[in-house]
Every structure is written in C-alpha cells, then in structure tokens.
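Engineer: Structure in structure tokens, see below.
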Amino acid sequence: MKIKSAIIDLYNNEENQGMRCIQDIIKEADERYTDVDLKYDIFDTRYKGEIPDMSYDIFISSGGPGDPFDGKGTQWEKKYFKLLDKIWTNNQNKTKKKKFIFFICHSFQIMARYFELGDVIPRNSKSFGIVPIHKTELGRLDNILKELPEIFYGADFRSWQVVNPNKKSFRELGAKLIVKEKIRPHVELPRAMMAIRISNEIIGTQFHPEADIPSMQHHFLQPERQKQVVEEYGEKKLEEMLNHLANPDNITLTRNTVIPNFLNMAVDNLTNKVG
C-alpha cells in the first residue's frame, strides 16, 4: 500500500537542520513497514508559496524563523490556512479517510492562531537549547508520549510562545494540552503550552521533537556558534548545552519517540490496523 506524506517547509529559505531530520524520520518509518510504501514530497510553502493538495495522507509542517504573524495576509498563509480548512473538514466526515498532520515550533504557533488555542506572544527572553519539559495529566495517557518519562528533554529555539489556554476553543475542539514548559517557581509568568493534541489526527509541539545529536552538534560544536552562544546567553548556557551533548540519551529518546509514534499511529489507521 502506498501512503503519501507531505513535508511543509516553513523555514523561509533559511539554513536549517530540521528538514533533514524530518526526512530521516520518514525514511526510517518507511523501512519499518514491509507492506507500506511511505514516501514524501517537500513543499517550500513560506518561501515559494508551494502547498500540498489533499491527495496526501500525512502532513508534517516544519519549524521556521521569526514572527508567527509575519505571514498574515500573504498568499502563502492564505493557502496554508485553506489547506487546514480542508483537512479539518475532511476529518469531520466519518465516511472519509482521515488526514494526519503534525505541527512543529513555528507551525505550532500558527496552528495556535488558526484554532484560537491561546495567546501567541513574544517571550521576555529567547528559549534556546535543550530543555526539560513536563507531561500534563492528559499527556501521561497520550500514545505519542508513552515511552517518555514524566519530565523529558526537547530542543527548544523560540522567541515566541503560546500561553493562557482558551478554554472555550479547547472544549469545542476536544483538544488536550499534553505537555507544558518546565516549572519555574521563581518566575511569575504563565508556563507555555509545549504540545497540544487537537484530535486523534492533529497534533503539534512547540519544541523540536525531530532534533537529533548531529543537528545539535551543528548548533553547538562549531567555534563561531559557540562564540555566538556565549555572547548572547553566557558561558553557563554553552556549558549546559555541551553537557547535554555528552549525554545524548535525553534528546535521542525524544527524537525516536514523538514523530515516529505519530507516524506509526497514522500508518496503522490508514492501513486499517486500528479501529
């Protein structure tokens, strides 16, 4: 059976490791299935205005730089939201084959705008590095997180955040907040929402679950990048990041769990292996 995947590139032509990581995860998923041909196409949505059509079964929408409002009113965002309209409408029809979509970081913030899930606002300071994040009570029950401990680690690079859950939207959608930002008892600010399940088919994470050790090494082992980290965040932040790279199990577990579980669930559903 052939299953078509679309990777929606929102990096706006900026050099990144995220696209390579997403492709690697899909290729690994394809190798796990002997009876499924899981292939992907890439759509450069933010830079070139490319958008997948509804012939695709699975969509993964990438991270990206900058302000999650900078696409407001642009053609690419209009086409992006129209695709989300079609996916949502399709999934409400019980007779139609479901479409699955995963949103990462920048896409998560746009998803939050689209579904009106909370306030999408700038952070007081940029979150940068590998950080501890916490499952909620609902997150403990979520299949996508089941192999992860109560507190796990994720790559987090953002100047924006989604806070103050809109209870009305959550209730109407049946959405679930499954991961929150680390507890900061000394900071009197709301904790950011870090992962939300909109439905069985639609989920997003504020962190980068696709990040792997080579991508982190790309960020932190180059001398010029180390200098930049020290200048912007201090020696302590660089030391913290290097310690994480010396103990790769934390981020590797997240990388091998979240999106692979999403793909497994999608493929099982599309091949009628689950009800």
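Read-outs: derived from the displayed coordinates by stated rules, not from any lab. In this text the structure is predicted, and so the values were computed from the model without any measurement. Heads up, the Cβs are rebuilt from the backbone with ideal geometry, glycines too, and the neighbour counts pull from every protein chain shown.
Engineer: Could you pull out the pairs from K4/K48; K27/K86; K48/K86; K146/K180; K98/K176 whose alpha carbons sit more than 24 Å apart here?
Structural biologist: Listed pairs above 24 Å: K27/K86.
Engineer: T205: net charge of surrounding residues, Cβ under 14 Å, Lys/Arg +1, Asp/Glu -1, itself excluded?
Structural biologist: Value of the local net charge: +2.
Engineer: In the Gaussian network model of the chain, springs joining C-alpha atoms below 10 Å, which of R140, R184, R255 carries the largest mean-square fluctuation?
Structural biologist: Taking springs between Cα atoms under 10 Å, the residue moving most is R184.
Engineer: All other residues with a Cβ under 11 Å from the Cβ of K182 taken together, and with Lys, Arg as +1 and Asp, Glu as -1, what is their net charge?
Structural biologist: After counting each charged neighbour, the total is +1.
Engineer: What is the extension gain from K27 to M1, computed as 0.36 nm multiplied by their sequence separation minus the C-alpha to C-alpha distance, in nm to one decimal?
Structural biologist: Going from the current span to full extension adds 7.8 nm.
Engineer: Which residues does the label zone of V36 cover in the stretch 192-223, counting backbone N under 19 Å from a point 7 Å along Cα→Cβ?
Structural biologist: 199-204, 210
Engineer: Pick out, from S62, N93, F43, the residue whose Cα sits farthest towards the positive end of the charge dipole of the chain, with +1 on the Cβ of Lys and Arg and -1 on the Cβ of Asp and Glu.
Structural biologist: Farthest towards the positive end: N93.
Engineer: So which GluC sites (Glu not before Pro) in the stretch 160-197 pass both tests, a DSSP loop state and at most 14 other Cβ atoms within 10 Å of the Cβ?
Structural biologist: E188
Engineer: Here's a follow-up. Around T89, with a cut-off of 15 angstrom between Cβ atoms, what is the net charge of the other residues, counting Lys and Arg +1 and Asp and Glu -1?
Structural biologist: Around T89, the charge tally is +4.
Engineer: Run the reach check for K2 against aspartates and glutamates, Cα to Cα strictly under 12 Å, same-chain hits fewer than 8 apart removed. What comes back?
Structural biologist: D30, D35, D37, D57
Engineer: Enumerate the lysines that K227 could reach by cross-link, defined here as Cα to Cα under 28 Å, with residues fewer than 8 away along the same chain left out.
Structural biologist: K126, K182, K236, K237
Engineer: Report the FRET efficiency, 1/(1 + (r/R0)^6), for K167 and Q92, where r is their Cβ-Cβ distance and R0 is 30 Å, rounded to 0.05.
Structural biologist: 0.90
Engineer: Determine the dipole magnitude for the stretch 215-275: charges of +1 sit on the beta-carbon of Lys and Arg, -1 on that of Asp and Glu, nothing else is charged, the reference point is the Cα centre, and the result goes in debye to the nearest 20.
Structural biologist: 240
Engineer: Which residues does the label zone of E116 cover in the stretch 164-199, counting backbone N under 19 Å from a point 7 Å along Cα→Cβ?
Structural biologist: 164-177, 197-199
Engineer: With unit charges on the beta carbon (Lys/Arg positive, Asp/Glu negative), name the residue among A195, L177, A211 whose Cα is farthest towards the positive pole of the charge dipole of the stretch 149-231.
Structural biologist: L177
Engineer: Moving on. What is the dipole size for the chain, taken about its Cα centre, with +1 at each Lys and Arg Cβ and -1 at each Asp and Glu Cβ, in debye to the nearest 20?
Structural biologist: It comes to approximately 1080 debye.
Engineer: Okay, next question. Determine, from the Cβ-Cβ distance of Q228 and R140 and an R0 of 45 Å, the FRET efficiency 1/(1 + (r/R0)^6), rounded to the nearest 0.05.
Structural biologist: 0.75
Engineer: Let me know the shape class of the chain, please: from the alpha-carbon gyration tensor, a ≥ b ≥ c as square roots of the eigenvalues, rounded when a/c is under 1.5, otherwise prolate if a/b is greater than b/c, or oblate.
Structural biologist: Verdict is rounded for the chain.
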